[in-house]
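Remarks on the structure that follows.
The values are calculated or read from the model by the stated rules, or taken from the named source; none is laboratory data. Fair warning: this is a prediction, and the values are worked out from it, not measured in the lab. Note: ideal-geometry Cβ built from the backbone for every residue, glycine included; neighbour counts use all protein chains shown. These accessible areas exclude ligands, DNA and RNA; they are computed on the full protein's heavy atoms, side chains included. Shrake-Rupley method; radii C 1.70, N 1.55, O 1.52, S 1.80 Å.
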Amino acid sequence: MPPQQRQLSLLQECGFTWPRPGVWSWPPDAHIALALLVALPVWGALGLFLGPHLRAPAGWLAWVSLVLVQPLLEELVFRGLLQGQALRLVSANGQPRRLGPLTMANMLVTLGFVALHLRAQPLAWALAVALPSLVLGHLRERTGSVWPAVLVHAFYNAGFGLTAWLLT
């Protein structure tokens, strides 16, 4: 395969291309819209049950990190590089292996994502990122792109930060 074609297919494998359908298409993709809407009651429950224990970002650099840097880097690495290659490696006859509705690639990457969060968070908080990680992985696979996952991850983090900030 010529290098240019291999480069393009690697970009596609890693989801570094524009999503199908476009993120801004109307009506919006139902899965992306649902991923955004479900966050609202989760933030409410977090505030109600864990309010005093939540920590708001301190200063504008912490906000930039929470809402822009972390979602971008984590999604490019986890949903882009790792999930893209895992989809390729754990496929059979060109189809991703599944356990129910989830691909093995999504589940493997979610385990890694939880493990990353164990470095800085208690076990319960690290495990709490498993479901959002599966959602982000699903969006990445559904659209063929990491960009919807980056946007939804940024939205999740912004809402979490705002919830904590409003309660401090």
Exercise for the section: Would you check if there is a residue in segment 121-128 being outside any helix (DSSP H, G or I), closer than 20 Å to Phe160 by Cβ and either over 16 Å from the mean Cα position of the chain (by Cα) or acidic (Asp, Glu) (or both)? Expected result: yes
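Go through segment 140-160 and give me each residue that's small (Gly, Ala, Ser) and either surrounded by 20 or more Cβ atoms within 10 Å (Cβ to Cβ) or not in a helix (DSSP H, G or I) (or both).
Matches in segment 140-160: Gly144, Ser145, Ala149.
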Problem - Complete set of residues in segment 43-92 that are assigned to a helix (DSSP H, G or I), β-branched (Val, Ile, Thr) and touching a residue at least 12 places away in the same chain (Cβ under 8 Å) - result: Val67
Problem - Which listed residue, of Leu66, Leu123, Leu82, is within 19 Å of Leu46 (Cα to Cα), open to solvent by 10 Å² or more (accessible area, probe 1.4 Å) and modelled with pLDDT of 95 or more - result: Leu66
Handout entry: Test: Leu37 is part of a helix (DSSP H, G or I), without any contact (Cβ under 8 Å) to a residue 60 or more places away in the chain and exposed (fewer than 14 other Cβ atoms within 10 Å of the Cβ)
Key = yes
Practice task
Please indicate, with yes or no, whether at least one residue in segment 99-112 is in contact (Cβ under 8 Å) with a residue 40 or more places away in the chain, open to solvent by 40 Å² or more (accessible area, probe 1.4 Å) and closer than 22 Å to Val152 by Cα.
Solution key: no
